[in-house]
Every structure is written in structure tokens, then in C-alpha cells.
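Computed from the coordinates by the stated procedures, all read-outs in this text should not be read as laboratory data. No experiment lies behind these values; they were computed from the predicted model shown. FYI the Cβ positions are ideal-geometry reconstructions off the backbone, even for glycines, and counts take in every protein chain you see.
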Amino acid sequence: MYGAPPKGGTFVGTSATGSAHRLSRMASFAKYSTQAGDRWMVRYRKPTGKSTEKRGFKTKRDATTWAAATLIDKNSGNFISESARRKKVGELITEHLARTAAVKPSTAANRGFHASKWTMPKWQGWAVGDIGNADVQAWVQDMSDGGAGSATIEKAVGILRGALSIAVTARLVPANAARQLALPRARKRKNIYLTHGDVFELAAAVRPESRSLVLFLAYTGLRFGEAAALTIGDLDLPRRRVNVRASVTEVLGVMEGGPTKSNRDRSVPMPGFIAELVSSQAAGRLKSELVFAGRSGGPIRLNNWRPRTFNVAVATVNAARVDAANGMPVEPFPKVTPHDLRHAAASLAIHAGANVKSVQRMLGHASAAMTLDIYADLFEDDLDGVADALGKAAEGWVASVSPASKRL
């Protein structure tokens, strides 16, 4: 009636009585013996009508409780078979990565790296139905204790969350165990803002062939990958504009071109002296040639340029400051990265009077709210200037206020 018992076990009872009577129409219960002791099994029908069984309950009460819950799930449409719950998470992670592969090469490579380093090693052998929210939360804590940063943890968890979303949609599990987690807060690095003097001091210390690139980045705000992808044809020198249409980045040792980060083209103004610099570089060259090319003529590789050129220039500036101080205390040059030249462009533009919308368009942010979020400290500094300007504009009217009005 119930099929063959498990290996090493013998059925010793088969009737459903007492509290199990209410379930007799949808399930039957049997006790069997194993080397580990007596166990109970439930034989029931799936929503498809196919007969199956669930074994391994230590008591009949456990079997009855499980059968009752299964009946509720069947009636509510939430039933999930045991075979579905056994699907390996590794398969789902692979499927998630394949479904989201239509992104920029750098994004796909980054996602694949985090999957292979963090998510797969932990979860690939797990059955999807065995993962609970507490299991994922413990994993988050383990990564944090092991030194993983908040961004790394968010990416690793995001991959698992995406895989489990596939499982929920496919009705392999009722809920996504990677949601509603307590993730470590990101430690936001404070922006470093270079002054005009800092920028030119750095440019003077850099290799001559990179001098125009440093100044260009600091006065246009382009991302490094956008500047590396610029061609002569992207320059609109009569209007002192640069048309930003593409970006390039190194992915697994290969330079990959693609759209800008925002997937939108934009036109960025250039100060006159920057336009003159790039004009001299563009003279006599084809429109298809890169404005800032590496020694081989291809795009500059940030992973090479930063340590060999940019970092060396920063060290040179610091050494020069120490020498000039003659043993007196000296203010070191800020510990900057090439991306800080973009922050410099934003800072210099804001202090020159640019409004948030203009800065947003220059930098290619998705919204002015994003610009305000990143550079809120700069606009806060401008509040005093706004008050002073308002006071000066109202000077001619203040004297017209009557004494009676002043008492109000």
C-alpha cells in the first residue's frame, strides 16, 4: 500500500486515527523502523494528483502537523513540492548571471568576480528550500567579520537575492530568504576638493604627455573612462565643447568600449585654456584618433596610468613641499585618486557660481538630486554667500522701511 520501506526499515503501522482523521482524505500515515529508530511517513497527493510521500518524522504528531500545513498550502495555492525545494542554489546563481549578462562588460565581469569569490563558495551546494533568512544573515556577519567591505557584501548578497528571486518566481520556495537583512552601513569616503593651485601644482609634477589630461579632467569633470574614449571628432572647438558619447574600461586585461555610465550623451563646456590645450593636440590628426592615447595609440589604461604616472606625481609634489619647507612643518598634498579630479571640477564650478542643474549636466548625473547628495557640503558652504548677496541686493530698500515696520 505504501510502497517499499526505506533501506533497513520495516513498516509496523499504517492507519490514520484520532487527530489525523481529519486529514485521512488527503493523506495517510505509516510508522516504519530504521537503524536510527522508529519514524513516521506521510503519503499524500500533489496538486497535480500525483501520489508521493514525505518520510523521516520522529513522531506521528510531527507527521500530522506537516500534513496539515501541506493541506493549507494546497488549498491556498502555495504548495511547493519537496523535489522543487531540492534544486541547488548554484544552478540558480548561474541562471541569474546569465539573465543579467546584457550589461556593460565591466559590470558583468565585476558581478562574475563577486559570484565566484563570495556567493558560489557558500551557497552552490545548498538546496534552495534549506536556506532561511537567519542563514543568510549569518553569512553576512561572517563576511563582515572576515574584512569584507559594505559594498562587497551588498554585491554578494545581491547575487544571491537575484538567484532566489528566480526560485520564488518558479515556485521553488515561498519567499526570498535574502531580503529584509541587516547589512553593514557603507563608510562613505569624504570627498577631497583640490584648489586651482593644487591642480596646477599636480599638473606641473606629472609627465609632460599627461599634463593636459590632468588639467582636462580637473576642469571638465569627465570620468576617466570617458576621457580615455574621446576622439578628435568629439571635440567642438569653435564652441569650446566636448561631446561625451562613450566610455572605455579595462575588463580582465582587455579594453572594452561602451556607453557612458548614465547611457546618455552629453555636451560639456571647456574653459578657454583647456580648449587651447586639446586644440594643439588635435591639430593635423584624424577625427577617429583618440585625444588622449597611450604609447601604443590605444586607450590609456587606468590601472597602469594611476600607479606609474598619477601616484608618482602626487609623491613628487609632496617631496617638493618638504624640500621647500627647509625643516619646517609642511601641509602634505591631499591623498587623491584620479577620480578626485572629477570632484575638483565640481567644486571649482560651484565656487565659480554654477548652479546645481549646470553641475549635474556637466558631470552627467542622472538627476540634480544625485548631484546635491554627492556635493551637499559644497552647496552648504555657499549658503553664507547667498545670504551676503541677498543682503547686498536689498541695501537700497532697507532705508525705506518705516520705524513702525521695524517694530513688527
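Okay, here's what the table says:
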| quantity | calculated |
| --- | --- |
| Separation of the Ala175 and Phe379 label points, Cα + 7 Å toward Cβ, nm | 3.9 nm |
| Degrees between helix 311-325 axis and first principal axis of the chain (Cα, 0 to 90, nearest 10) | 50 degrees |
| Along each principal axis, Cα extent of segment 204-243, largest first, Å | 30, 21, 16 |
| Translational diffusion of segment 264-363, µm² s⁻¹ [Kirkwood Rh, Cα pairs; Stokes-Einstein; 25 °C; 0.890 mPa s] | 146 µm²/s |
| Computed over segment 191-383: relative contact order in percent, which uses C-alpha pairs under 8 Å that are six or more apart | 29 percent |
| Estimated [θ] at 222 nm from DSSP helical runs (n ≥ 4, -39500 (n - 2.57)) normalised by residues in the chain, nearest 500 | -14000 deg cm²/dmol |
| Cα lying deepest toward the dipole's positive end in the chain, options Ala349, Trp40, Leu97, charges on Cβ | Trp40 |
| The chain: angle of helix 60-76 to the longest principal axis, Cα-based, in degrees nearest 10 | 60 degrees |
| Normalised contact order of the chain, rounded percent, pairs of Cα under 8 Å and 6 or more residues apart | 11 percent |
| Most fluctuating residue given options Gly146, Gly294, Gly391, as computed from a GNM of the chain linking Cα atoms under 10 Å | Gly391 |
| Cα-based Kirkwood hydrodynamic radius, segment 103-208, one decimal, Å | 16.4 Å |
| Paramagnetic label zone (point 7 Å from Cα along Cα-to-C-beta, Gln141; backbone N under 20 Å) in segment 107-121 | 119 |
| Under the Debye formula (equal points on every Cα, no solvent term), log10 I(q)/I(0) of segment 191-383 at q = 0.08 Å⁻¹ | -0.27 |
| Cβ-Cβ FRET estimate between Lys88 and Asn263, R0 fixed at 45 Å, reported to 0.05 | 0.80 |
| Helix 150-169 vs. the chain, principal-axis angle (Cα, 0 to 90°, nearest 10) | 40 degrees |
| Set of segment 28-42 residues, backbone N closer than 20 Å to the point 7 Å along the Cα-Cβ line of Lys50 | 28, 42 |
| Order of His196, His351 - criterion: other Cβ atoms within 10 Å of each residue's Cβ, fewest first | His196, His351 |
| Contour minus Cα-Cα distance for Val398 and Met370 (0.36 nm per residue) | 6.3 nm |
| Gain on full stretching of the segment that runs from Phe273 to Glu289 - 0.36 nm per residue minus C-alpha separation | 3.6 nm |
| Förster radius 56 Å - calculated FRET efficiency between His196 and Ala98, Cβ distance, rounded to 0.05 | 0.70 |
| Cα-only Debye scattering, the chain: base-10 log of I(q)/I(0) at q = 0.06, 0.08, 0.10, 0.14 Å⁻¹ | -0.47, -0.68, -0.86, -1.30 |
| Length-normalised contact order for segment 88-149 - Cα pairs under 8 Å, 6+ apart - percent | 48 percent |
| Efficiency of FRET from Cβ geometry, Asn110 and Val312, R₀ 22 Å, rounded to 0.05 | 0.20 |
| Qualifying trypsin sites (Lys or Arg not before Pro) for segment 297-398 [loop in DSSP, other Cβ within 10 Å: at most 15] | Lys335 |
